[in-house]
1. For S104 and E640, calculate 0.36 nm times their separation in residues minus their Cα-Cα distance, and state this gained length in nm to one decimal.
2. What does the C-alpha gyration tensor say about the overall shape of the stretch 45-180? Classify as rounded when a/c is under 1.5, otherwise prolate if a/b is larger than b/c, or oblate.
3. Considering the Cα positions of the stretch 266-327, please state its Rg to one decimal place and its Dmax as a whole number of Å.
4. If each of R674 and T68 carries a label point 7 Å out from its Cα toward its Cβ, how far apart are those two points in nm?
5. Holding the Cα-Cα limit at 27 Å, pick out from K140/K170; K9/K94; K528/K651 the pairs that are longer than that.
6. Per 0.36 nm of contour for each residue apart, how much would the distance between K9 and R310 grow if the chain were fully extended, relative to their Cα-Cα spacing?
7. If you count only protein heavy atoms and use a 1.4 Å probe, how large is the accessible surface of R163, to the nearest 10 Å²?
8. If each of L555 and D222 carries a label point 7 Å out from its Cα toward its Cβ, how far apart are those two points in nm?
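The values are calculated or read from the model by the stated rules, or taken from the named source; none is laboratory data. Remember, predicted model here, so these are calculated numbers, not experimental data. Cβ placement follows ideal geometry from the backbone for every residue including glycine, while neighbour counts extend to all protein chains displayed. With ligands, DNA and RNA removed, areas are computed over all heavy atoms of the protein, side chains included. Shrake-Rupley method; radii C 1.70, N 1.55, O 1.52, S 1.80 Å.
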Amino acid sequence: MAKAAPIPKITLSPSRDIPFDKLFLSQSNVRRVKNGVTIEDLADDIERRGLLHGLNVRPEIDPEGNETGRFEIPAGGRRYSALAILVKRKRMDKTSPVPCVVKSAGDPVLAEEDSLAENTHREPLHPLDEFRGMKALHDKGEREQAIAAHFRVTPAVVSQRLRLASVSPKLHEVYAAGDMTLDQLMAFTVSDDHARQEQLWKQLDHSSNRSPSFIRDKLTEDMVPVSDRRVLFIGVPAYLTAGGTVPTRDLFEPDDGGWLSDPALLDRLVAEKLDAEAETIRAEGWKWVEALIDLPYGYDEDCREIDATREPPTEADEARIAELRAEADALEEQWAGHGDVPAEVEARVTAIDVELATLSRGRFTYDAQEQAHAGVFVGLEADGTLYIDRGWVRPEDEPKDEIVEHSADEPDAVADPSSDGPADITAQVNSTKPDGAVVSVAADGDDDDDEVIKPLPDRLVAELTASRTVALQDAFAQNPSVAFAAVLHAMVLTTFYQVRTETCLELSVSRVYFPFQAPGLRESAAVKAMEERHAGWKARLPKSDRDAWDAIQQLDGSDQAALFAHCAAYAVNALWEPVPKHGGGRVSAHGVARRIEHANVLARAIGFDMAVTGWRPTYENYLGRVTKPRILEAVAEGTEPQKAGLIDHLKKGDMAHEAERLLADSGWLPEPLRMPNLEPVLPIADAPVDGDDAEALPAFLGEDGEGEDSAYAIAAE
């Protein structure tokens with residue numbers, strides 16, 4: 001059998017240097033539309049680094065079939081045009097040799113095919129190769145600005161590429177294999193810890209959420225945002241001076257300044273500065289200063305406010321006010337019409353506004369004798385500025401001759417009527433859950449792996465019901481008819497039946513105190529609504545209690561109703577607290593259980609729903625405080641049982657954070673915040689009225705509708 005003839009080997013076209021003036025553009029070049037880097041930019045690049053690719057040329061043939069000594073360029077026309085610019089600039093001689101690959105004039109492959117192939121068979125660099133290439137240049141001493149100039153990009157783009165190149169090499173391999181998106185790789189750049197990056201990616205193998213935002217949140221969960229009130233209070237420069245590292249930044253998403261990686265150092269600096277500020281304020285002549293990062297809701301409980309005398313701004317203050325206003329006007333004129341105002345300009349305008357507000361208010365002075373018994377509460381606002389509330393006297397600091405003794409037969413004393421604040425209240429507690437069941441308190445210990453759903457911790461139930469109480473107070477304050485009925489019901493109980501445990505209203509009408517409360521309760525929407533409403537009434541009412549009666553009589557019916565409901569709202573107590581197991585406490589478990597039952601009746605009459613108030617289960621307020629079975633139970637109830645199965649393999653911290661995401665819009669509530677299944681309650685305002693009964697109610701309540709005795713009977717059940 002004859003052997004097959006060997007396949008002939010190819011012969012590459014020869015290369016040679018051809019003088020520039022012997023070259024010309026071919027009409028066979030398929031590129032007609034300008035695209036990509038401009039010819040001018042390409043000329044600059046060739047001027048700096050030389051010609052990286054030769055030209056593809058063919059000899060010019062005259063009509064007789066002879067070579068003319070000139071060469072046409074079917075592939076490489078843009079490079080030729082860039083060289084022409086360099087000749088025009090006198091940066092290259094027109095006779096300078098140009099590297100060329102010379103194909104024969106009779107080559108069977110058409111010149112148009114060569115031109116098309118050169119521009120279509122190119123493959124751009126993989127992004128990872130681009131990142132690594134820029135990093136190699138940077139590692140060899142090239143500055144970011146220089147790299148940006150060489151490749152016609154901004155320095156910010158170079159910084160992004162270098163940050164992407166700094167991610168763990170193992171994750172680079174995952175990205176190169178196509179198992180990770182570029183957005184996910186970007187998210188990993190917020191951390192420099194390769195081990196943590198790799199650990200998180202491994203955890204995401206079993207997670208239903210692999211979004212870039214989730215990755216960022218996980219990598220920064222142990223850091224403090226620069227936008228945090230503590231950081232704004234001390235300033236990043238102070239943190240760096242004390243030995244802190246430069247904030248971690250996200251170069252691909254807005255990050256409000258990034259994150260600080262040393263919370264312990266931050267807390268120490270905040271405590272030191274807060275103490276120094278407290279000492280400065282104490283030097284004004286106050287007996288005490290209580291300084292906290294987060295003042296709790298009701299921090300002035302049981303305190304009496306002393307009067308202050310306002311002094312108008314001094315001449316120096318007026319001069320400073322004029323100076324600040326002139327500066328503000330100049331900045332406004334300078335940046336008017338600009339869509340993008342620099343952050344430092346906005347910060348300066350904000351600082352001017354704050355200083356103007358402070359100077360315009362003038363100064364407040366206090367009587368020296370009263371000031372010697374009083375103190376100041378100091379906290380931090382969300383923007384990092386000091387919140388200073390001066391002029392509060394604690395009960396133990398009251399002058400002895402002003403203390404009024406009460407006999408044991410007298411009812412609970414009402415707060416000083418001359419005080420501008422709401423009346424003072426005491427909370428009563430029980431040791432039963434809101435549904436009336438007896439609490440079985442579990443012993444402390446690590447029960448994460450226990451598959452039994454144990455009772456919620458006492459403190460957590462107390463915190464949750466504190467949130468519910470203040471939200472219920474806010475809803476209650478907006479329902480004058482229900483408020484009147486509830487107060488009247490409590491009065492009837494104490495007047496005719498000598499009992500108080502059947503109602504949730506503390507009719508000594510003093511403010512309910514929360515011994516346990518979750519962080520941030522003072523900033524909640526319900527608290528802010530109550531405080532804003534209280535401030536509005538305080539401004540309308542006379543300063544002296546002697547004038548209060550006449551002022552109230554001048555209010556119309558709707559205003560009286562609203563004021564009545566607001567005052568009564570402070571007495572609403574739906575709080576659960578543990579009580580001594582063997583009795584001896586100030587309240588009984590049975591009494592508080594009945595009180596909470598009545599709070600549910602009240603809530604139902606108002607149409608109250610804790611989920612509608614904006615409460616959501618988070619890592620801080622619930623999910624991070626309970627066991628794994630509780631977390632899985634919440635996800636199964638709030639979403640679907642299958643979703644609980646997707647996270648049951650995670651560690652408790654990761655499980656809690658993932659559950660927070662899954663439950664965000666579910667409306668799910670833990671047991672202490674839910675409404676029990678009660679019989680429908682007829683709203684007070686919609687109850688039917690018999691003719692004579694309508695006159696028994698105050699006129700202002702008749703505007704919304706009247707109630708009948710059956711409505712009160714329901715509340716008393």
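1. 185.7 nm
2. On the way: a/c = 4.15, a/b = 1.87, b/c = 2.22.
Oblate, because a/c is 1.5 or more while a/b does not exceed b/c.
3. Final numbers for Rg and Dmax: 16.9, 45 Å.
4. 9.2 nm
5. Over 27 Å apart, Cα to Cα: K9/K94; K528/K651.
6. Extending this stretch completely gives an extra 98.2 nm.
7. Approximately 50 Å² for this residue.
8. Once both label points are built, they end up 5.5 nm from each other.
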